[in-house]
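Report on the structure given below.
The values are calculated or read from the model by the stated rules, or taken from the named source; none is laboratory data. As the structure is a computational prediction, the values presented were derived from the model and not from experiment. Cβ placement follows ideal geometry from the backbone for every residue including glycine, while neighbour counts extend to all protein chains displayed.
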Amino acid sequence: MIGVTTSRELLERRGWDVVYVPHVEIEAYNACYRVEYDGERIYPPAADDLEIPLDEIWISERWRPYERFVLYHELREIEYRA
């Protein structure tokens with residue numbers, strides 16, 4: 001569709017990387033992130049447990065087929081936390 005920006009495109013514009021990790025590493029969370037959003041570091045406590053580097057969003061490899069839904073959710077959560 002013309003004029004539609006995907007969540008993946010929005011994340012890439014901000015310089016955030018999407019990293020797929022083995023499910024056993026992130027099974028308690030499914031997905032998690034540590035990003036800089038408009039000059040502020042945004043992340044849940046789980047990002048410390050998982051040692052997620054800055055500007056990365058981690059997703060369980062199990063959820064790869066559902067990337068667009070997971071990224072949409074994570075982006076909205078980041079915006080909400082900011």
Among the residues of segment 39-73, what is the count of those that are part of a helix (DSSP H, G or I) and either free of Cβ contacts under 8 Å to residues at least 40 places away in the same chain or out of contact with any helix residue (DSSP H, G or I) (no Cβ under 8 Å at 6 or more places or on another chain) (or both)? 12
With respect to the numbered conditions (1) touching a His at 6+ places or on another chain (Cβ under 8 Å); (2) closer than 17 Å to T6 by Cα; (3) of a type in the set (K, R), which one is the sole condition not fulfilled by R64? (1)
So how many residues does segment 13-38 have that are touching a Phe, Trp or Tyr at 6+ places or on another chain (Cβ under 7 Å), in contact (Cβ under 8 Å) with a residue 24 or more places away in the chain, part of a strand (DSSP E or B) and of a type outside the set (F, W, Y)? 5
Would segment 18-28 turn up any residue that is hydroxyl-bearing (S, T, Y), under 12 Å from the mean Cα position of the chain (by Cα) and at pLDDT below 95? no
Being surrounded by 12 or more Cβ atoms within 10 Å (Cβ to Cβ), charged (D, E, K, R) and in contact with a helix residue (DSSP H, G or I) (Cβ under 9 Å, 6 or more places away or on another chain) is the requirement here; does R81 meet it? no
Filtering segment 41-71 down to residues that are among the charged types (D, E, K, R) and within 15 Å of R8 (Cβ to Cβ), which residue is surrounded by the most Cβ atoms within 10 Å (Cβ to Cβ)? E56
